[in-house]
Amino acid sequence: MNIRNRFARSQGISNEIPNKQLASEIVASSDEASIREILQILHESKKVDELSDGLKVLEMVGEQNPGLLADAFTPVFTLLQHTQNKIQWRAMSALSTFSFLHPATTFDNLGVILDLMDQGSVITRDHGVKILIGLYKEDAYRRDIGPLLLEQVIAAPDNQLGQYAEKWMQVITQEDRAKLIRVLEMRQPELVNPSHQKRISRVLLKLHRSQKNFEP
């Protein structure tokens, strides 16, 4: 299989249908050879379209079977520092699907990820938060990651605030739950859009209910 020829942009197609089909085929057959070929393309290619399509395929594979990407950390992580913003957020999106397989390596390289979250697009930040939550699940890193997640919630744009809180509250500890409640209660009155206010109200209701379940 010539992977390059299967990429959407190689076929002159501007949507993701060919990439989605390729990813599905790779997952269905646990095609590690094709994964290796894509990783080689990421290492060698200078073409933005090839890099973008390769990363998109890996992201879709990672969403379905992240175990196939056990060897993908370094090739994908390297592209976080690409000069093109599109490749940076594509790389962050792909990395967020399998970084939990490499918690120690992810934590050791967290500075690069955090810098990119601060400087990059909304998509970059969203997937960066997903990476942080993956680390938060690990006992060894929770104490360090909790404050970083809290910073993301404090600084989140209004339309991202609910999403970040909802994702974090699925795995949050009792101690951090109280901190998250305080931040959301602080931010809620400042929200202009009624839909954002309602979303945070629902999140707070769930957080308060779960908090009571832990009270003596």
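Among 28, 165, 156, the residue with the largest mean-square fluctuation in a Gaussian network model of the chain, with springs joining Cα atoms closer than 10 Å, is 28. Residues in segment 66-80 carry Karplus couplings, in order, of x, x, 5, 9, 4, 9, 9, 4, 5, x, 6, 4, 4, 6, 4 Hz; the curve used is 6.51 cos²θ - 1.76 cosθ + 1.60 with θ = phi - 60°, and Gly or Pro positions show x.
Exceedance of the 32 Å cut-off in Cα-Cα distance is limited, within the set 47/137; 47/130; 46/130; 20/198, to 47/137; 20/198. For the options 97, 74, 124, a Gaussian network treatment of the chain with springs between C-alpha atoms closer than 10 Å singles out 74 as fluctuating the most. Dividing the helix sum by the residues of the chain, where each DSSP H run of 4 or more adds -39500 (n - 2.57), gives a mean residue ellipticity at 222 nm of -22500 deg cm²/dmol. Note: the chain, Cα convex hull, 136 Å³ per residue. Computed from backbone phi, the HN-Hα couplings of segment 97-102 come to 7, 9, 4, 5, 6, 10 Hz, rounded to whole numbers (Karplus: 6.51 cos²θ - 1.76 cosθ + 1.60, θ = phi - 60°; Gly and Pro given as x). Here residue 201 and residue 139 are evaluated by their C-beta separation; at R0 = 30 Å the FRET efficiency comes out at 0.40. Along the charge dipole of segment 1-73, which of 11, 52, 66 sits closest to the positive end, that is, farthest toward it, with unit charges on the beta carbon of Lys, Arg, Asp and Glu (+1, +1, -1, -1)? Farthest along the dipole direction, towards plus: 11. Across segment 1-73, C-alpha contacts under 8 Å between residues 6 or more apart give a mean separation that, scaled by the residue count, equals a relative contact order of 33 percent. Dipole size of the chain about its Cα centre, with +1 on Lys/Arg Cβ and -1 on Asp/Glu Cβ: approximately 680 debye, rounded to the nearest 20. Here the gap between residue 17 and residue 170, fully extended at 0.36 nm per residue and compared with their Cα-Cα distance, gives a gain of 51.9 nm.
Sequence-distant contacts, meaning Cα pairs under 8 Å at least 6 residues apart, place the relative contact order of the chain at 12 percent. Where does helix 122-136 land angle-wise versus the long Cα axis of the chain, in degrees 0 to 90, nearest 10? The helix 122-136 is inclined about 70 degrees to the chain. Distance between the C-alpha centres of segment 66-129 and segment 15-45: 18 Å, rounded to the whole angstrom. Rounded to the nearest 10 degrees, the angle from helix 32-44 to the longest Cα principal axis of the chain is 90 degrees.
Read-outs: derived from the displayed coordinates by stated rules, not from any lab. Here the structure is a predicted model, which means the values were calculated and not measured. Cβ coordinates were reconstructed from backbone atoms using ideal geometry, including for glycine residues, and neighbour counts include every protein chain displayed.
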